[in-house]
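Engineer: Below is the structure I would like to discuss, written out as structure tokens.
The values are calculated or read from the model by the stated rules, or taken from the named source; none is laboratory data. Because the structure is predicted, anything quoted here is derived from the model rather than measured. Glycine also receives a Cβ, built like all others from the backbone with ideal geometry; neighbour counts cover every protein chain displayed. Remember, those area values only see protein heavy atoms, side chains included, never the ligands or the DNA or RNA. Shrake-Rupley method; radii C 1.70, N 1.55, O 1.52, S 1.80 Å.
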Amino acid sequence: MIFTRKIRVLAATAAVLAPFTLFSVAAQAETAAPLGKPEVEQIVRDYLLNNPELLLEVQDALEAKQREEQKMAQQAVMEEKKDQLFNSPYDGVVGNPDAAITVVEFFDYNCGYCKRAMADMQALVEENDDVRFVLKEFPILSAQSREAHVVSMAVHAIAPEKYAEFHQQLLGAETRADGNLAIKIAKEAGIDETELRKEMENPAIQKIFAETYELANQLAVTGTPAYVIGDEVVFGALGKDVLAEKIDQARSQSN
């Protein structure tokens with residue numbers, strides 16, 4: 001945090017320094033005694049000390065520019081990886097599979113915020129026939145998470161019609177999710193354990209994880225939950241109302 005602030009201050013100082021540097025060049029052309037580096041630095045120092053609010057203004061402008069650049073980069077990825085992001089056959093779907101509005105959620109079965117956000121997802125798909133959630137298996141919190149997600153991927157592969165129920169039970173579990181718990185829940189859902197364990201060994205599962213990690217990296221997704229709604233990446237469990245607002249915005253964009 002301190003290092004980042006130093007960088008921002010340097011950037012702000014450079015921005016303020018620019019006009020004085022131009023003044024120095026002009027002075028060299030017009031006078032026999034141009035301002036030297038120490039004099040320019042002192043002028044800049046005195047000016048910033050007398051007008052410290054400029055640093056905040058420059059910092060705000062820099063952050064706004066960085067946010068806009070990140071958004072543009074994310075939108076480019078969304079367009080390039082559209083099928084992988086919105087229509088991957090390996091992702092579970094909750095809600096109307098033919099819905100016009102897609103919300104992509106990157107989640108981890110051991111993410112407490114994801115657990116709390118599950119109710120928001122359920123309410124939104126119940127209240128909106130034109131909304132579906134595409135679930136990106138994104139195990140980043142622990143080895144136990146990855147075990148659970150391997151089982152989840154296998155469940156989706158062999159019994160996609162039971163995935164939503166399985167997902168709800170595993171994400172809603174009060175105990176920590178791991179491979180054993182995931183298998184137990186899958187069996188309770190009526191899935192054959194032998195077939196499940198065989199599918200868990202499918203090398204495609206690890207390949208899909210790697211592709212999802214790469215996609216998340218390109219979208220600047222580093223935590224869970226994270227959502228892609230319309231042309232925007234939304235970070236954190238922001239609640240049903242915020243997600244509904246973003247969904248409304250996505251509707252407007254598609255009309």
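Engineer: Just the residues that are over 20 Å from Asp91 (Cα atoms) and open to solvent by 70 Å² or more (accessible area, probe 1.4 Å), please, taken from the range 224-244.
Structural biologist: Leu238, Asp241
Engineer: Residue under question is Val125, and the condition is that it be touching a strand residue (DSSP E or B) at 6+ places or on another chain (Cβ under 9 Å) and part of a helix (DSSP H, G or I); does it hold?
Structural biologist: Considered against the rule, which asks whether it is touching a strand residue (DSSP E or B) at 6+ places or on another chain (Cβ under 9 Å) and part of a helix (DSSP H, G or I), Val125 comes out as yes.
Engineer: Scan the range 96-108 for residues that are open to solvent by less than 40 Å² (accessible area, probe 1.4 Å) and within 23 Å of Asn128 (Cβ to Cβ) and jot them down.
Structural biologist: Across the range 96-108, the qualifying residues are Ala99, Ile101, Thr102, Val103, Val104, Glu105, Phe106, Phe107.
Engineer: Considering (1) part of a strand (DSSP E or B); (2) open to solvent by less than 50 Å² (accessible area, probe 1.4 Å), say which one Val93 fails and leave the rest.
Structural biologist: In the conditions (1) part of a strand (DSSP E or B); (2) open to solvent by less than 50 Å² (accessible area, probe 1.4 Å), Val93 misses (2) alone.
Engineer: In the set Ala177, Ala148, Ala154, which member is at pLDDT 95 or above, open to solvent by less than 10 Å² (accessible area, probe 1.4 Å) and part of a loop (DSSP other than H, G, I, E, B)?
Structural biologist: Just one listed residue meets the conditions, Ala177.
Engineer: Within the range 214-223, track down each residue that is surrounded by 14 or more Cβ atoms within 10 Å (Cβ to Cβ) and in a helix (DSSP H, G or I).
Structural biologist: Leu215, Ala216, Gln218
Engineer: Next question. Name every residue in the range 183-201 that is over 12 Å from Val151 (Cβ atoms) and either open to solvent by less than 50 Å² (accessible area, probe 1.4 Å) or assigned to a loop (DSSP other than H, G, I, E, B) (or both), in order of residue number.
Structural biologist: Matches in the range 183-201: Gly190, Asp192.
Engineer: What are the pairs, 6+ residues apart or on separate chains, where a residue within the range 78-105 that is under 22 Å from Ser252 (Cα atoms) has its Cβ under 7 Å from a residue that is among the polar types (S, T, N, Q) and not in a helix (DSSP H, G or I)?
Structural biologist: Within 7 Å, the pairs are Phe86/Thr102.
Engineer: Can you name the residue in the range 40-81 that is open to solvent by 90 Å² or more (accessible area, probe 1.4 Å) and of a type in the set (Lys, Arg) and is also modelled with the lowest pLDDT among such residues?
Structural biologist: The qualifying residue modelled with the lowest pLDDT is Arg67.
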